[in-house]
Every structure is written in structure tokens, then in C-alpha cells.
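Rule-based calculations on the coordinates, nothing more; no lab input. Since we're looking at a predicted model, the values are computed, not measured. Quick reminder, even Gly has a Cβ in these numbers, built from the backbone with ideal geometry, and neighbours come from all protein chains shown.
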Amino acid sequence: SRKWVAYLITFGGLFLSDVIMNNIVYAHVFDGFVWFDATSWGRYLSYGLIILTSALIVKKVSVKSTVASSVAAVALFFIVSNFAVWTSGLMYPKTAVGLVETYTMAIPFLGWNLISTLVFAGAFFGVYELALASKLRSQKA
């Protein structure tokens, strides 16, 4: 089994994008070179949970499993990443009110995240089905 490749690609890409974002795009926010920021743990944890959850949900690729996995991924990312924002104390106070405010302010992003995830999951599912159909046709020929 090569499931470890899912983790390698996911975390390698995430790490590379974090280093670029932290040191080029948001360089003005940090003093010096930054490998990880105060909320990085939340992104890494959420992606790890998404991979594990998707492996449990998607036993066979289907519309139902793709949608279920996509919705679960969005929910996990929303819950974990925003909790990380709250625990950092950089944007919201570390109080119950601050926690509620963190999640409340993130709600507009939740909708767009869900829409984009479903659109891309649909596109990937469609490409997968086309490739599968093409493979079956070529095997019959």
C-alpha cells in the first residue's frame, strides 16, 4: 500500500506553501525567517484528520462517498483551524466569548470553502470516472 504518499504530498505541499507564505507574502509580519507560525499546528492536524477520515469514508469512490468526504473535510478544517486561531491569542481573546467570536467571524469563509471543495471534488470525481471509463474501453478493445 502506498497510502503514505497521500501524507507526503499533503504535508510536503503544506510545509512548502507555509514557508513561502510566512517568508514572502507575510514577511512584514514576522521578525526573521519563520518555519511555522502560531497556528500551523491546526492546519497540519486538520489535514492529517482529513486524510484519516477520508480513508474511513471512501472505501469505494462514488458520488456519495466523495460528497461525504468533502463535507467532513470542510467541517474538520473549520473546527480545528479556527480553534488554532483562537488558541494563538493573536486575533481573539482566550475566553469563551473569544472562542465564539472566532468561529462566528469564520462562518463566511466556511461557505466558500464548502462550495470550492465540492466543485473541485466534483471535477476530480468526473476526471476519475472518465479515466476509468477510458481504461475499461481500452481493455475491451
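Counting pairwise Cα distances across region 15-141, what percent come out greater than 26 angstrom?
Details: 3087 of 8001 pairs.
The proportion of pairs with Cα distances above 26 Å equals 39 percent.
In whole Å, how far is the Cα centre of region 116-141 from that of region 37-95?
26 Å
Give me the distance in nm between label points sitting 7 Å out from Cα along the Cα-to-Cβ direction at TYR103 and VAL63, one decimal.
3.2 nm
Could you work out the per residue convex hull volume over the alpha carbons of region 90-135, in cubic angstrom? Each step should come with its number before you reach the end.
Working: hull volume 3.8 nm³, N = 46.
Taking only Cα atoms, region 90-135 has a hull volume of 83 Å³ per residue.
Looking at region 1-79, which trypsin sites (Lys or Arg not before Pro) are in a loop (DSSP not H, G, I, E or B) and have at most 15 other Cβ atoms within 10 Å? Mind showing how you got there, number by number?
Working: sites: ARG2, LYS3, ARG43, LYS59, LYS60, LYS64; in loops: ARG2, LYS3, LYS59, LYS60.
Within region 1-79, the qualifying trypsin sites (Lys or Arg not before Pro) (loop, at most 15 other Cβ atoms within 10 Å) are ARG2, LYS3, LYS59, LYS60.
How large is the dipole of the chain about the Cα centre if only Lys and Arg carry +1 and Asp and Glu carry -1, each at its Cβ, rounded to the nearest 20 debye?
Values: 10 positive and 5 negative charges, 198 e Å.
Dipole size: approximately 960 debye.
Restricting to DSSP loop positions (anything but H, G, I, E, B) with no more than 13 other Cβ atoms inside 10 Å of their own Cβ, which chymotrypsin sites (Phe, Trp or Tyr not before Pro) remain in region 1-97?
Those that pass, being in a loop and sparsely packed, are TYR26, PHE30, PHE33, TRP35, PHE36.
Using DSSP H assignments, which helices in the chain have an axial alpha-carbon span of 30 Å or above and a mean Kyte-Doolittle hydropathy of 1.0 or higher? Before the final figure, lay out each step's value.
On the way: long enough: 63-88 (37 Å, 1.43); 96-140 (62 Å, 0.86).
Answer set is 63-88.
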